[in-house]
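Trainee: Please read through the structure below; I'll follow up with questions.
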Amino acid sequence: MKEINYITENFGKYDVFSIDSYMDIGGFASLKKVIAMDTEDIATLLTTAKIKGRGGAEYPMGRKWSQAHAVDRPHHCVVCNADEGETCTFKDRELIKNDPFNLIEAIIIAGWAVNAEDGYIYMRAEYGSLRPRLLNAIKQAEERGFLGENILNSGWNYKIHLYSGAGAYVCGEGTALIRSIEGKAGRPRMKPPFMKQSGLFSRPTCIDNVESLSIVPHLLRDAKPYMEMGQGDSIGSKMISVGGNVNRPGVYEMPFGMTVRQIIYDLAGGIQGDRNIRLIQFGGVSGKISDSRVLDVPYTYEDFAKNNLIIGSGSVLVIDERTSVIDFLRYTQDFFLHESCGQCIPCREGNRHIRIFLEKIKDGTYTDEDIKTMKTFAKVMPMSSLCGLGETAQNALKSAFEIFPEVFTSNRQKSMEAVY
Amino acid sequence: MIEDSSKFELTEELKASIDKILVEHYHDFTQIVGILLDVQSKIEQHYIPKIVACYVAEKLPVKLSVIYDCMTFYDALSDKPRGRYPIEICDSIACKVNNNEFLLKTLKELLGIDFGTVTYDGRFTIEKVSCFGACDRAPAVKINGIVYGPLKTKAQMRGLLEQFV
Amino acid sequence: MAEMINLTINDLPVTVEKGTKILQAAKQLHIDIPHLCYHPDQRVKARCRICSVEVVGKKRLLAACATECWDGMEVYTDTQVVRDTQRGILQLIMADHEENCLTCPRNGNCVLQELCSRFNIRRPNLTHVGKAIPIKTNNPSLVHDPEKCVKCGRCIRVCKDVQGIEALGFAGRSTNLRVTTPFNDDFTNTDCVLCGQCTVVCPVGALVEKDDTDKVLDAIFDPKKTVIVQTAPSVRVALGDAFGLPDGAVVTKKMVSALKMIGFDKIFDTNYGADLTIAEEATELIDRIKNKKTMPMTTSCCPGWVNFVEKHYPEKIAHLSTTKSPMSIFSRIAKTDYAKQENIAAENIYSVAIMPCIAKKYEAQRPELSMDGIPDTDAVITTRGLIKLIKYIGIDFPNLPENEFDNPMGESTGAGAIFGATGGVMEAALRTAHEWLTGKEMPTLEYTPVRGFEGIKEAKVNLDGNELKIAVVHTLKNAALIMDKLRDGNCDYDFIEVMACPGGCVGGGGQPVTTTFAATKKRIASLYSIDRKSKLRKSHENPYLKKLYAEFLEKPGSEKAHNLLHTHYVGRKKEFEFNK
């Protein structure tokens, strides 16, 4: 198996600053098709393709759209979450960079499907250099009547607004994201009210990730190749970002069902200096970890679940033997310590103290009581924190308890050996 | 040391360009983050001095506490002066396992500065930031929005810095 | 009828209205789920997570303060996981908290302290991570000690949602998160008007008033000083709360006894000052109407409101009535007429005011409210400060015998009493203005259109054919609405009463920390009952007031009255002024 080009079909095929060149390769055909379709049929198509949200939450997209459409409140809006902040996740960057018009088309389709009045793109500040091409794509789409008033004579009005993040991982969380668009610091709020009922500016809101949205125009054009890829309930293809100690870090599109070994050794060219793998983290910094025991597991939602892993944002971070498990966990914890919004106590203070415990383990100065307390916090903190960040911040640590128990043993000698 | 922010002078020219930014954002307070990013980019030291924050608060209008909260919450906004070319060193795990420690050490050596200090000519400051999504180019740095990487040797880094002379 | 739903909490069945949160449902079963950031009068924050409970079928714990019950819900509040969470959160807080309870102003009535004692949190098993942060105290009213802060955000909510000031806000992220003023400025440099609402809602000792009780005790022990005390109308209906009496209990006479025991030489009543304020303010209103001076006129007895106008609407200070507040009028009379009568040198009179307010501390030190460098009011103690003094002296308050105020300045009318409630100043002023303008008593003394908890109340009063359009406003968020109208030139009121705190002084920033809207409403009802039971219900009928005007001040609005009982205001400059 090798890399394929379904979602990435348009990459390099057209001038990303020219709507004409996009339309020459069939751009906006899907939108024209959609305007004649029943909105429920669009959601059904997504459900048939079993597309799950690709930002990390893995919520079935077809269900999300039909629920969003059904909400009986006015002024619906669509938000495109382009704030991918998970470490080693940069697939959305490639999608925006190489195929901005497809994304705009997808956001218009989403708007039609959920009967929205406005579409918002929330793009992380780190991708500021991509702003001009999105602004250009919006402008040109407006000039051609794909955006604005009475789109394609359907009587429907729709606008797209581009908002910038400013460097906060937590703003990838839906409620934090909308607060950031609303002009506040991006601290999550509690749910309910749910987004679909009362989200951005208290309007019914449907949030989708860049990759999830990008699939839609392709699927509407020709669903057959997509439906033929993958295995089991994991249909189609997926964009993955591979990084860390691999020879060819980068973004790849691959069909579901490739094994982890194929991803690391075939797509990403194997490990730097042919070293051994210490651990692999899937689904970004909030994902779970394992080691080379999962090399032959096929990359599907079901097989990953069986192995206590998550696909999440679709990142594969490979760490070789030069980095110890405890150092990796410290780095992870450093990240969350920096990125926690700080408002809820379990996350703000919990991260801080788990970081201290990890330091003690590295130094060999811990007590059995420390290990016990750390495990308790690693358990209750995700259960009680306010948002998804706190919920997932200990995923790596908790899977390390399972995969690398020797690091956390009360036998200090053994632990120190495991640490180094 | 980095210049004292209280001495910052709000010139008529800067006022005019802030006014223009506000118009471009339709005086819409929900766009405060974008406004502050734009305003910050107009200031040589890439930060928001207090007097500028007060000016934006009054002209937008929005409460000063909202601006201060945003300034301190978002990494891309700074309340402290930085160099003309702030070097943001990615500190994500992908960069860490690709030895960004060497990158950091070498940059400090080449520039003769540490975190919180600026080069004698006011040109560079260095700071660590969370992942900026360039893990395929690890270890990487970002200077005024542009990513440079992978930077693995001293010669590469020197070459990079020379671009900003 | 509301839809009812059934659920169980710790296997006990309970039926509640749809929309009830788990926290309230548990209360029905007499279970107190611990909570810290939750406040009954505020929007749910669900930030402290200490109210987390287990719900069958949910993988994660749910915040009891924020989660609505559903039919068939099974809640557990006492499982091992819940206990680990509650204890864990407290341990985490304590590791970042300045632990010196003994020297904390909230020692003994601190929510965190109570929770730690309830969950048996003793020696911390975590590394202490708290850092020393300077205390902000550069103003006469408010003390902010960030090291004690638990970042619950109650103060931010009240400052924003109730007052619309937003002087306090969050800043920073993760472990740098802090509650602060913009750029960590002193309060006097910010939009803060020192209303003190933040000190009422703060669950710990992070935001407290400046404590002047020691200053007062020093004066009491000073043999040269005659220490007189005045008590604001709303203190007598709030004080009992702290001693286990029902919300809104009227404890006027016990309070007088307690003050005598503390050692004050004379116990007087701010209500007397209030009657004087009415006499002057009604005269001023009539004068402004007749001589077409700046209209509308607004009240000026609330120091938070005065600060607000001076700071936020400096170009509108001419609308503020120049009549001093009851506290300041009282003190000036005490140091002039009373001093003369009693043959005491003014500088030997030490005038203490017990106020429901911390902005009064700021008012007391205004240079325009002093004579020859001696402040009219020497010290202001809040209701909370008085509670402290009563406890310090060791008084068994609920069982005290009753006592009467001293004369002459202890005499007052029902009109003075209702000053403590929103609408009260307006009602009192109308009673007098109506009679003076028309020569007839108000058709109904109890003027209900200005009563109640609504944010902005409007009415038209018929004064012998002349229509007076009035508005009564409480909370500064509502006041800002009126002021914006005034600024835009479409405000056609004649007379506006503003009180900065919700419900008026009864909900003031110096009231006990147990104050809620519900308690405030009861206190308002108590003030109206005091009025109803008063023999004299119109300020100008106060016999000592009549005597004062006859013997000393000539008549309301006289030159002498102007010199002694009126003040002026100064629009305040911002740190940066950008003209255009």
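The values are calculated or read from the model by the stated rules, or taken from the named source; none is laboratory data. Values in this document were obtained by computation on a predicted structure and should not be read as measured data. Quick reminder, even Gly has a Cβ in these numbers, built from the backbone with ideal geometry, and neighbours come from all protein chains shown. In case anyone asks, the SASA skips ligands and DNA or RNA and just uses the protein heavy atoms, side chains included. Shrake-Rupley method; radii C 1.70, N 1.55, O 1.52, S 1.80 Å.
Trainee: So, for chain B, what is the accessible surface per residue at a probe of 1.4 Å, expressed in square angstrom?
Mentor: On the way: 7050 Å² over 165 residues.
Accessible area per residue: 43 Å².
Trainee: Going by average Cβ density within 10 Å per residue, which order do the peptides A:98-104, B:16-22 take, highest to lowest? Provide the component values of the computation, followed by the final result.
Mentor: On the way: A:98-104: 25.6, B:16-22: 15.9.
Going by the mean number of other Cβ atoms within 10 Å, highest first, we get A:98-104, B:16-22.
Trainee: OK, next. In degrees from 0 to 90, rounded to the nearest 10, what is the angle of the helix A:210-221 Cα long axis to the longest principal axis of chain A?
Mentor: Its long axis makes an angle of about 40 degrees.
Trainee: Oh, and also: Taking the Cα centre as origin and putting +1 on Lys and Arg beta-carbons and -1 on Asp and Glu beta-carbons, what dipole magnitude results for the stretch A:190-325, to the nearest 20 debye? The partial results should precede the final answer.
Mentor: Details: 14 positive and 14 negative charges, 90 e Å.
That gives the stretch A:190-325 a dipole magnitude of about 440 debye.
Trainee: For chain A, what is the mean residue ellipticity at 222 nm derived from helices alone (per DSSP H run of n ≥ 4: -39500 (n - 2.57); sum divided by total residues; nearest 500 deg cm²/dmol)? Don't skip to the answer; put the middle values down first.
Mentor: On the way: 17 runs with 173 residues, N = 420.
Helix-only estimate at 222 nm: -12000 deg cm²/dmol.
Trainee: Okay, moving on. If one computes P(r) from the Cα atoms of the stretch C:4-78, what percent of pairs lie at distances over 22 Å?
Mentor: On the way: 372 of 2775 pairs.
Pairs farther apart than 22 Å: 13 percent.
Trainee: Determine, for the stretch A:282-420, the count of lysine pairs separated by eight or more sequence positions (or lying on different chains) whose alpha-carbon distance falls under 22 Å.
Mentor: So the count works out to 24.
Trainee: Separate question: First compute the accessible area of chain C with a 1.4 Å probe, then give the percent of it belonging to carbon and sulfur atoms.
Mentor: Percent of accessible area from carbon and sulfur atoms in chain C: 49.
Trainee: Positive end of the charge dipole of the protein assembly as shown (Lys, Arg +1 and Asp, Glu -1 on Cβ, about the Cα centre): tell me which of C:PRO134, C:PRO375, C:VAL450 has its Cα farthest that way.
Mentor: The one lying farthest along the dipole's positive direction is C:PRO134.
Trainee: Evaluate Rg over Rh across the stretch A:97-215, taking Cα atoms for both radii and Kirkwood's formula for Rh. Can you show the working numbers first?
Mentor: Numbers: Rg = 14.3 Å, Rh = 14.8 Å.
When Rh is taken as the Kirkwood radius, the ratio is 0.96.
Trainee: Shape call for the stretch A:227-348 from the C-alpha gyration tensor, a ≥ b ≥ c root eigenvalues: rounded (a/c under 1.5), prolate (a/b greater than b/c) or oblate?
Mentor: Numbers: a/c = 2.04, a/b = 1.31, b/c = 1.56.
Oblate is the answer for the stretch A:227-348, as a/c is 1.5 or above yet b/c matches or exceeds a/b.
Trainee: Could I ask something else about it? With unit charges on the beta carbons (Lys and Arg positive, Asp and Glu negative) and the dipole taken about the Cα centre of the protein assembly as shown, which residue among B:LEU160, C:CYS116, A:ILE215 sits farthest to the positive side?
Mentor: My answer, from the dipole projection, is C:CYS116.
Trainee: Using a Cα distance threshold of under 13 Å, what count of lysine pairs results for the stretch A:19-225 when pairs must be 8 or more residues apart or interchain?
Mentor: On the way: A:LYS50/A:LYS64; A:LYS52/A:LYS64; A:LYS64/A:LYS196; A:LYS139/A:LYS159.
Eligible lysine pairs with Cα atoms under 13 Å apart amount to 4.
Trainee: Distance cut-off 26 Å, Cα to Cα: go down the list C:LYS254/C:LYS555; C:LYS151/C:LYS391; C:LYS225/C:LYS573; C:LYS335/C:LYS555; C:LYS136/C:LYS311 and report the pairs above it.
Mentor: Details: C:LYS254/C:LYS555 35 Å; C:LYS151/C:LYS391 30 Å; C:LYS225/C:LYS573 38 Å; C:LYS335/C:LYS555 19 Å; C:LYS136/C:LYS311 20 Å.
Result: C:LYS254/C:LYS555; C:LYS151/C:LYS391; C:LYS225/C:LYS573 exceed 26 Å.
Trainee: Something else: If you roll a 1.4 angstrom probe over the protein chains with everything in place, what fraction of the accessible area of the stretch A:19-225 belongs to carbon and sulfur, to the nearest %?
Mentor: Working: 3380 of 6780 Å².
Ligands and nucleic acids excluded, carbon and sulfur reach 50 percent.
Trainee: Show C:LYS340, C:LYS522 ordered by accessible area, largest first, where the area counts protein heavy atoms only and the probe is 1.4 Å.
Mentor: Details: C:LYS340 135, C:LYS522 110 Å².
Putting C:LYS340, C:LYS522 in descending order of accessible area: C:LYS340, C:LYS522.
Trainee: Roughly what angle does helix C:383-393 make with the longest principal axis of chain C, taking Cα atoms, 0 to 90 degrees, to the nearest 10?
Mentor: That works out to roughly 80 degrees.
Trainee: I need the calculated FRET efficiency for the pair C:ARG178 and C:ASP464, taking r as the beta carbon distance and R₀ as 60 Å, to the nearest 0.05. Please report the intermediate quantities before stating the final value.
Mentor: Values: r = 58 Å, r/R0 = 0.97.
It comes to 0.55.
Trainee: Mind listing the long-range amide H neighbours of A:ASP291? Cut-off is under 5 Å, sequence gap 5 or more, other chains count too, H placed in the peptide plane at 1.01 Å from N.
Mentor: Long-range HN contacts for A:ASP291: A:ILE280.
Trainee: Dipole size in debye (nearest 20) for the protein assembly as shown around its Cα centre, Lys and Arg Cβ +1, Asp and Glu Cβ -1?
Mentor: Values: 144 positive and 147 negative charges, 225 e Å.
Result for the protein assembly as shown is approximately 1080 debye, rounded to the nearest 20.
Trainee: Which parts of the stretch C:67-87 would a label at C:THR8 reach, counting a residue when its backbone N lies under 13 Å from a point 7 Å out along Cα-to-Cβ?
Mentor: C:72-77
Trainee: Work out Dmax and Rg for the stretch A:19-225 from the C-alpha atoms and quote the Rg first, both in angstrom.
Mentor: For the stretch A:19-225, the Cα radius of gyration and maximum Cα-Cα distance read 15.6, 46 Å.
Trainee: Then there's this: Work out the length of the dipole vector of the stretch A:294-369 about its Cα centre, built from +1 on the beta-carbon of each Lys and Arg and -1 on the beta-carbon of each Asp and Glu, and round it to the nearest 20 debye.
Mentor: Values: 8 positive and 13 negative charges, 53 e Å.
My answer is approximately 260 debye.
Trainee: Using a probe radius of 1.4 Å on heavy atoms only, what accessible surface per residue do you get for the stretch C:109-191? Whole Å² is fine. Each step should come with its number before you reach the end.
Mentor: On the way: 3390 Å² over 83 residues.
Dividing the accessible area of the stretch C:109-191 by its residue count gives 41 Å².
Trainee: Now a separate question. For A:THR323, what charge total do you get from the other residues with a beta carbon under 11 Å from its beta carbon, if Lys and Arg give +1 and Asp and Glu give -1? Kindly include the intermediate steps, with their values, before the conclusion.
Mentor: On the way: positive: A:ARG275, A:ARG278, A:ARG322, A:ARG330, B:LYS96; negative: A:ASP320, A:GLU321, A:ASP327.
Computed value for this residue: +2.
Trainee: Continuing with the same structure: With the cut-off at 1.5 for a/c, could you classify the stretch C:468-573 from its C-alpha gyration tensor as rounded, prolate or oblate?
Mentor: Details: a/c = 1.91, a/b = 1.15, b/c = 1.66.
It is oblate, given that a/c is not under 1.5 and a/b is not larger than b/c.
Trainee: Once the convex hull of the C-alpha atoms of the stretch C:92-209 is built, how many Å³ does it hold per residue, rounded to a whole number?
Mentor: Numbers: hull volume 12.7 nm³, N = 118.
Dividing the Cα hull volume of the stretch C:92-209 by its residue count gives 108 Å³.
Trainee: Next question. Would the stretch C:101-145 count as rounded, prolate or oblate if I go by the C-alpha gyration tensor, calling it rounded below 1.5 in a/c and otherwise prolate when a/b exceeds b/c, oblate otherwise? Can you show the working numbers first?
Mentor: On the way: a/c = 3.69, a/b = 1.55, b/c = 2.38.
Judged from the Cα gyration tensor, the stretch C:101-145 comes out oblate (a/c at least 1.5, b/c at or above a/b).
Trainee: State the percent of C-alpha pairs, over all pairs in the stretch A:325-419, separated by a distance greater than 22 angstrom.
Mentor: Numbers: 925 of 4465 pairs.
Looking at the stretch A:325-419, the distances longer than 22 Å represent 21 percent of pairs.
Trainee: Here's a follow-up. Highest GNM mean-square fluctuation, chain B, Cα pairs closer than 10 Å: which of B:GLU12, B:GLU58, B:GLU44?
Mentor: Maximum fluctuation in the GNM of chain B, among the listed residues, is at B:GLU12.
Trainee: Could you tell me which residue out of A:ILE277, A:THR259, A:GLY236 lies farthest along the dipole of the stretch A:229-320 toward its positive end? Charges go on the beta carbon: Lys and Arg +1, Asp and Glu -1, centred on the Cα centre.
Mentor: Value: A:ILE277.
Trainee: Suppose we keep just the DSSP beta bridges with both residues in the protein assembly as shown; what percent of those would be antiparallel, to 5? Present the calculation step by step, with values, prior to reporting the outcome.
Mentor: Details: 54 of 107 bridges.
Given both bridge residues lie in the protein assembly as shown, the antiparallel proportion sits at roughly 50 percent.
Trainee: Mind checking the mean number of beta-carbon atoms from other chains within 10 Å of the Cβ atoms in A:378-390?
Mentor: Values: counts 0, 4, 13, 5, 3, 12, 17, 5, 7, 0, 0, 0, 2.
Mean shielding by partner chains, rounded to a whole number: 5.
Trainee: I would also like to ask the following. Using only protein heavy atoms and a 1.4 Å probe, how much accessible area in total is buried between B and A, to the nearest 100 Å²? Write out the running numbers ahead of the final one.
Mentor: Values: alone 9330 and 16750 Å², together 23310 Å².
The contact between A and B buries close to 2800 Å².
Trainee: Once the Cα gyration tensor of chain B is diagonalised, what are the square roots of 5 times its eigenvalues, in whole Å and ordered largest first, as equivalent ellipsoid semi-axes?
Mentor: On the way: eigenvalues 198, 60, 33 Å².
Gyration-tensor ellipsoid for chain B: 31, 17, 13 Å.
Trainee: Here's another thing I want to ask about it. Roughly how crowded by other chains is peptide C:178-184, in terms of the mean Cβ count from those chains within 10 Å of each of its Cβ atoms?
Mentor: Numbers: counts 2, 0, 4, 3, 13, 11, 1.
What the average comes to for C:178-184 is 5.
Trainee: Compute the Rg/Rh shape ratio of chain C: radius of gyration over Kirkwood radius, all on alpha-carbon atoms.
Mentor: Values: Rg = 24.9 Å, Rh = 25.1 Å.
Dividing the radius of gyration by the Kirkwood radius yields 0.99.
Trainee: I would also like to ask the following. DSSP loop (so not H, G, I, E, B), at most 10 other Cβ within 10 Å: list which chymotrypsin sites (Phe, Trp or Tyr not before Pro) in the stretch C:201-275 pass both filters. It would help to have the intermediate numbers written out before the result.
Mentor: Numbers: sites: C:PHE221, C:PHE243, C:PHE264, C:PHE268, C:TYR272; in loops: C:PHE221, C:PHE264.
Of the chymotrypsin sites (Phe, Trp or Tyr not before Pro), the ones in loops of the stretch C:201-275 whose Cβ has at most 10 other Cβ atoms within 10 Å are C:PHE221.
Trainee: Packing-wise, with mean Cβ within 10 Å as the measure, how do C:386-393, A:139-146 rank, highest first?
Mentor: On the way: C:386-393: 18.8, A:139-146: 16.4.
With the highest mean Cβ count within 10 Å placed first, the list reads C:386-393, A:139-146.
Trainee: Which whole-number value in Å³ per residue fits the convex hull of the alpha carbons of the stretch B:89-140? Walk me through the numbers on the way to the answer.
Mentor: Working: hull volume 3.7 nm³, N = 52.
Per residue, the Cα convex hull of the stretch B:89-140 comes to 71 Å³.
Trainee: Ratio of alpha-carbon Rg to the 2.2 N^0.38 Å globular estimate for the protein assembly as shown, to two decimals, please. List each step's numbers first, then the result.
Mentor: On the way: Rg = 33.6 Å, N = 1165, 2.2 N^0.38 = 32.2 Å.
In units of the globular-protein estimate, the protein assembly as shown measures up at 1.04.
Trainee: Next question. Can you spot the lysines whose alpha carbon is less than 17 Å from C:LYS457's alpha carbon? Ignore those fewer than 8 places along the same chain.
Mentor: Cα-Cα hits under 17 Å: C:LYS469, C:LYS477, C:LYS485, C:LYS521.
Trainee: If you take the Cα Rg of the stretch B:5-73 and divide it by 2.2 N^0.38 Å, with N the number of residues, what do you get?
Mentor: Numbers: Rg = 10.8 Å, N = 69, 2.2 N^0.38 = 11.0 Å.
Here the Cα radius of gyration is 0.98 times the empirical estimate.
Trainee: On each of the three principal axes of the Cα atoms of chain A, give max minus min coordinate, whole Å, ordered largest first.
Mentor: 74, 45, 37
Trainee: Arranged from highest to lowest average of other beta-carbon atoms within 10 Å per residue, in what order do the peptides C:502-511, C:433-442, B:73-82, A:379-388 appear? Each step should come with its number before you reach the end.
Mentor: Working: C:502-511: 30.9, C:433-442: 15.8, B:73-82: 21.0, A:379-388: 24.6.
Descending mean neighbour count gives C:502-511, A:379-388, B:73-82, C:433-442.
Trainee: Here is a further query. With a 1.4 Å probe and all protein chains left in place, how much accessible area per residue does chain A have, in Å²?
Mentor: That works out to 33 Å² for each residue.
Trainee: Given 0.36 nm per residue, what is the gain on full extension from C:MET261 to C:GLU404 after removing their alpha carbon distance, in nm? Let's see the in-between values first.
Mentor: On the way: separation 143, 0.36 × 143 = 51.48 nm, distance 1.33 nm.
In short, 50.2 nm is gained.
Trainee: Note the angle between two axes, namely the Cα long axis of helix C:517-533 and the longest principal axis of the Cα atoms of chain C, as a number of degrees from 0 to 90, rounded to the nearest 10.
Mentor: Helix C:517-533 sits at roughly 30 degrees to that axis.
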